[in-house]
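Each reported figure results from applying straightforward, stated rules to the coordinates on display, with no laboratory input. Just so it is clear, the structure is predicted and the values come from calculations on it, not from any experiment. Virtual Cβ from ideal backbone geometry, glycine too; neighbours counted across all protein chains shown.
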Ligand code: HEC
């Protein structure tokens, strides 16, 4: 009887131990998934949709500061700074969103040249990011906005001209 009791005990301990390891592993996996972030998961699943959404946000931000420059909206420093921060964020995220399996589909306007000249394409994002950060720091009034938007804006057209389908 003593032996039987010991075995039961060992079994229970073994089961408990296994259960604990299982729940710990599960908890770590869950926390990692949350920390990784929903956008990262979406980006992996659908990089074309992710990069189009990021660029759409760029377009909206550029529109908002463009209106200030044209005098169609009052100058708003917070909005201007946020726009350049949006560009810098986009520049950091975009280079990872062009895996080899995303050349076609999803209404992409990305040109094949991106994958032929990936180093140059990525370098353009580095410059775009640096110019955007400089602009975010430098903008303080409408006059300075005009100057920095001129510098940053060249990045948009310069890249689209080579790497994005031209719209007629
Ligand atoms: C280094 C390259 C690069 C830079 C810099 C860049 N873009 Fe783009 N942009 C692209 C590419 C590539 C696409 C096409 C993505 C696709 O369809 O897969 C695109 C697409 C877009 C789109 C269309 C999004 C849609 O609805 O599909 C807009 C709007 C846009 N960009 C705005 C901007 C603005 C504004 C800037 C500057 C503030 C900018 N982009 C800077 C490469 C760039």
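Look through region 55-87, keep the residues that are free of Cβ contacts under 8 Å to residues at least 12 places away in the same chain and part of a helix (DSSP H, G or I), and return whichever of them is nearest to the ligand (Cβ to nearest atom).
Here is the first cut: in region 55-87, the ones free of Cβ contacts under 8 Å to residues at least 12 places away in the same chain are 56, 59-60, 63, 67, 70-74, 76, 78.
Retained after the next criterion (residues that are part of a helix (DSSP H, G or I)): 56, 59-60, 63, 67, 78.
Working: 56: 4, 59: 3, 60: 8, 63: 8, 67: 13, 78: 18 Å.
The extreme case among them is 59.
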Answer yes or no as to whether residue 120 is closer than 21 Å to residue 164 by Cβ, free of Cβ contacts under 8 Å to residues at least 40 places away in the same chain and away from the ligand (no atom under 11 Å from the Cβ). no
In region 90-116, which residue that is crowded, with 16+ Cβ neighbours inside 10 Å and in a loop (DSSP other than H, G, I, E, B) is nearest to the ligand (Cβ to nearest atom)? 108
